[in-house]
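Q: The structure under discussion is supplied below as structure tokens; questions concerning it will follow.
The values are calculated or read from the model by the stated rules, or taken from the named source; none is laboratory data. From a predicted model like this one, the values you see are computed outputs, not experimental measurements. Here the Cβ positions follow ideal geometry from the backbone for every residue, glycine too, while neighbour counts run over all protein chains shown.
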């Protein structure tokens, strides 16, 4: 129970910081809206559903990357990670809280992205929404973990995409698959399995990422 | 409370600490001095549990929850208010009667009136006072203080003097300073590091 309270306190802190600084969410919203407007005017004729679903996932992935790149900026710029690491809570609570905050920002961006996709291209089905939700969990969990690793390095802006994009490929495969086939159960199951596997890995090993 | 044997620390090829032996009993007050680059901050970070030695051993008689660390950075969020920062740490350290304790510390360090202001609007001295509130919030057994007087004006320094004198003997202190005369009446021992 105390673990849940720690996660709640840390996630609340991240949401408050964003509410005050407005560094991440406006950038994500603008980016995802701009991407769909650009796609709308650059794609020739009537693009097929298969083509545009790929674009939807490109937009979601890079919007998430924008948020993930900023996830640990307050801790880096204000050097507050020492304070969190010294606190007697389980250090994985830092990862989980940061993942939840990033998930909230990503979901907010998708509240804009999915209607725009429907407006410019094709209707969004239930399977696509389910795939988006499951993919978000994996993207935020893995991305936050890698963001914490990258933030300690000088080449963090380069390192995060380099580490994250290969690991996100299974998510893209599962999500695109779930969005285009008539029976998406197998792909949604694959996404859920990915989320579970990487959540356990990140939860168990985050301690070693933040400890010297 | 704190014992190190042949403690050493290297960053790559650079040796920062070598062969540090210290024994700090419960209730002791050890003052660490030395010129810039002598390894004071590294030693204190190791003693607080923020860094690992590359040689030797360290035995800490206090759990992580019982260590209070003040470093060169205040470890508070600039976009949060003093109250929000202390509330966060109070929750993480499971401080009993958190609100009362936070209110008491903010009043003692002269920050009560500014408690709803964002730390970004604080002067350096006010931020250092808030950092001291953060360190004292959970009533730690072992206080590791790196240059605690830096940025404090005379009033702030006197407040800190009084706080240290009040806790002297009840808590264990490891304090690094360039001004050992300020705490010489409190100190039970000294460690001088050389470059």
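Q: Of all residues in region B:114-123, which are closer than 22 Å to residue A:75 by Cα and outside any loop (DSSP other than H, G, I, E, B)?
A: Hits for region B:114-123 are B:118, B:119, B:120, B:121.
Q: Right, another one. State yes or no: is residue B:132 in a helix (DSSP H, G or I), in contact with a strand residue (DSSP E or B) (Cβ under 8 Å, 6 or more places away or on another chain), modelled with pLDDT of 95 or more and away from every other protein chain (no Cβ under 11 Å)? Full working, then the answer.
A: Details: in a helix (DSSP H, G or I): yes; in contact with a strand residue (DSSP E or B) (Cβ under 8 Å, 6 or more places away or on another chain): yes; modelled with pLDDT of 95 or more: yes; away from every other protein chain (no Cβ under 11 Å): yes.
Spelling it out, residue B:132 is indeed in a helix (DSSP H, G or I), in contact with a strand residue (DSSP E or B) (Cβ under 8 Å, 6 or more places away or on another chain), modelled with pLDDT of 95 or more and away from every other protein chain (no Cβ under 11 Å).
Q: Can you confirm whether residue B:48 is without any contact (Cβ under 8 Å) to a residue 24 or more places away in the chain and touching a strand residue (DSSP E or B) at 6+ places or on another chain (Cβ under 9 Å)?
A: When the stated conditions are applied, residue B:48 does not pass them.
Q: Related question: So, in region B:51-72, exactly how many residues are under 24 Å from residue B:177 (Cβ atoms) and either free of Cβ contacts under 8 Å to residues at least 40 places away in the same chain or facing chain A (nearest Cβ under 7 Å) (or both)?
A: Residues that pass the stated criteria total 4.
Q: Among the listed residues B:154, B:107, B:184, which satisfies the condition of being in the same structural domain as residue B:4 (by TED's automatic domain parsing), farther than 30 Å from residue B:20 by Cα and over 16 Å from the mean Cα position of the chain (by Cα)?
A: Being in the same structural domain as residue B:4 (by TED's automatic domain parsing), farther than 30 Å from residue B:20 by Cα and over 16 Å from the mean Cα position of the chain (by Cα) holds for just one of B:154, B:107, B:184, which is B:154.
Q: Conditions first: (1) without any contact (Cβ under 8 Å) to a residue 60 or more places away in the chain; (2) in a helix (DSSP H, G or I); (3) within 14 Å of chain B (Cβ to nearest Cβ); (4) in contact with a helix residue (DSSP H, G or I) (Cβ under 7 Å, 6 or more places away or on another chain). Residue A:27 passes all but one, so which condition is the exception?
A: It is condition (3) that residue A:27 fails.
Q: Just to be sure, is residue A:21 more than 25 Å from residue A:126 (Cα to Cα), free of Cβ contacts under 8 Å to residues at least 60 places away in the same chain, in contact with a helix residue (DSSP H, G or I) (Cβ under 9 Å, 6 or more places away or on another chain) and within 14 Å of another protein chain (Cβ to nearest Cβ)?
A: Yes: the conditions hold for residue A:21.
Q: Output the residues belonging to region B:162-186 that are in contact with a strand residue (DSSP E or B) (Cβ under 8 Å, 6 or more places away or on another chain), buried (at least 17 other Cβ atoms within 10 Å of the Cβ) and outside any strand (DSSP E or B).
A: Passing the criteria: B:164, B:167, B:177, B:183.
Q: Residues that are at negative phi and in contact with a strand residue (DSSP E or B) (Cβ under 7 Å, 6 or more places away or on another chain), at least 1 per element: which helices (runs of 4 or more DSSP H) completely within region A:49-108 meet that?
A: Counting at least 1 such residues, we get A:81-86.
Q: I'm trying to understand the selection: among the residues of region B:34-50, which are touching a helix residue (DSSP H, G or I) at 6+ places or on another chain (Cβ under 9 Å) and either surrounded by fewer than 19 Cβ atoms within 10 Å (Cβ to Cβ) or more than 9 Å from chain A (Cβ to nearest Cβ) (or both)?
A: Hit for region B:34-50 is B:34, nothing else.
Q: Ok, one more. Return the only residue of A:56, A:66, A:96, A:86 being more than 21 Å from residue B:74 (Cβ to Cβ), within 14 Å of chain B (Cβ to nearest Cβ) and in contact with a helix residue (DSSP H, G or I) (Cβ under 7 Å, 6 or more places away or on another chain).
A: Answer to the selection: A:96.
Q: Okay, moving on. Take the residues of region B:78-88 that are in a helix (DSSP H, G or I) and surrounded by fewer than 23 Cβ atoms within 10 Å (Cβ to Cβ): which is farthest from the other protein chains (Cβ to nearest Cβ)?
A: B:83
Q: Checking residue B:90 against (1) within 19 Å of the chain's Cα centre (by Cα); (2) at pLDDT below 95: exactly one of these is not met. Which one?
A: Single failed check for residue B:90: (2).
Q: Ok, one more. Taking the condition within 7 Å of another protein chain (Cβ to nearest Cβ), within 15 Å of residue B:128 (Cβ to Cβ) and in contact (Cβ under 8 Å) with a residue 24 or more places away in the chain, does residue B:75 pass?
A: In short, yes.
Q: Looking only at region B:89-113, count how many residues are away from chain A (no Cβ under 14 Å), crowded, with 18+ Cβ neighbours inside 10 Å and either assigned to a loop (DSSP other than H, G, I, E, B) or without any contact (Cβ under 8 Å) to a residue 24 or more places away in the chain (or both).
A: Total meeting the criteria: 2.
Q: Next question. For region B:1-35, enumerate the residues that are closer than 23 Å to residue B:188 by Cα and not in a strand (DSSP E or B).
A: The answer is B:1, B:25, B:26, B:27, B:28, B:34, B:35.
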